[in-house]
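**Student:** Take this structure first; my questions come after.
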Amino acid sequence: MESVILILGLLVVAFMALGVYVTVKVVGAARRGVDRTITQARRTVEDTTLRAKSYGQLGVGGELAQLRLSLRTSMRATQEALRAGAVEDASLSESLGLFDRLSVYGRELDAELKALEREPDKATVTSRLPGLKERTAQITRSADALRWAARDRARRFADDELSALNAQIDVEAGALRHWTTAPGPAQPMAGQEPGQGPVPADDWGGEPDAPEAITARDPRQSTTYPWQKTGRPETSN
């Protein structure tokens with residue numbers, strides 16, 4: 001009796017632990033989903049604000065907003081392209097590693113540009129704009145190079161697979177049309193003398209008076225029985 005109570009107690013404890021584990025996992029997944037949604041919404045709002053500033057604001061503020069928007073757009077597009085490609089192409093893992101290192105410099109530059117947007121000394125910011133533009137161009141060029149290389153690689157694989165598929169289809173189509181490539185001259189059919197035109201299609205319809213076989217019997221394969229008479233040879237007088 002004590003052993004049964006002990007087993008039941010262990011089962012209760014196990015089910016409770018399992019319930020706690022499942023609850024923690026569900027809560028964690030829900031929290032990650034909420035955080036992801038909040039991050040996406042914040043990113044969308046910030047990008048919209050930067051786009052509005054880059055088009056509607058003149059001077060240093062508009063130029064800084066344009067630099068940030070260009071940097072963030074290029075980095076995000078490259079990240080999405082590499083992550084999507086790495087699912088099917090494991091060789092892109094090294095490219096992802098390089099992009100992660102590039103992202104460190106990109107985040108530092110974005111934070112610096114964001115801080116300069118609130119800088120009251122516009123003259124100093126203006127003097128630093130050429131260097132900021134050059135750094136932004138360097139990072140975006142590298143990100144664009146990785147992104148287009150990954151896309152070209154994926155398109156190359158797709159083209160190779162399509163070419164191989166087309167070749168297989170051509171072979172299969174040729175096999176299905178095997179009668180069009182049969183070598184040698186056409187053999188005369190049953191009841192057709194050499195040089196005679198083709199038999200009309202109506203004669204092949206399976207009517208009662210139609211020939212029993214389409215292919216003529218080979219005389220060399222005919223069987224001679226003992227009770228058959230041998231034809232006399234013709235004599236000339």
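Since every read-out is calculated from the coordinates, none of them should be taken as a lab result. Since the model is a prediction, treat every value here as computed from it, not as a measurement. In this analysis, Cβ positions are derived from the backbone assuming ideal geometry, glycine residues included, and neighbour counts consider all displayed protein chains.
**Student:** State the answer as a single residue: which of 86, 102, 116 lies farthest towards the positive end of the charge dipole of the range 84-147, with beta carbon charges of +1 for Lys and Arg and -1 for Asp and Glu, about the Cα centre.
**Tutor:** Highest projection toward the positive end goes to 116.
**Student:** Quick one: go through the range 85-118 and flag any residue whose amide nitrogen is under 18 Å from the point 7 Å out along the Cα-to-Cβ line of residue 149.
**Tutor:** 85-106
**Student:** What's the ranking of 109-121, 137-149 by average number of surrounding C-beta atoms within 10 Å, highest first? Each step should come with its number before you reach the end.
**Tutor:** On the way: 109-121: 13.8, 137-149: 16.5.
With the highest mean Cβ count within 10 Å placed first, the list reads 137-149, 109-121.
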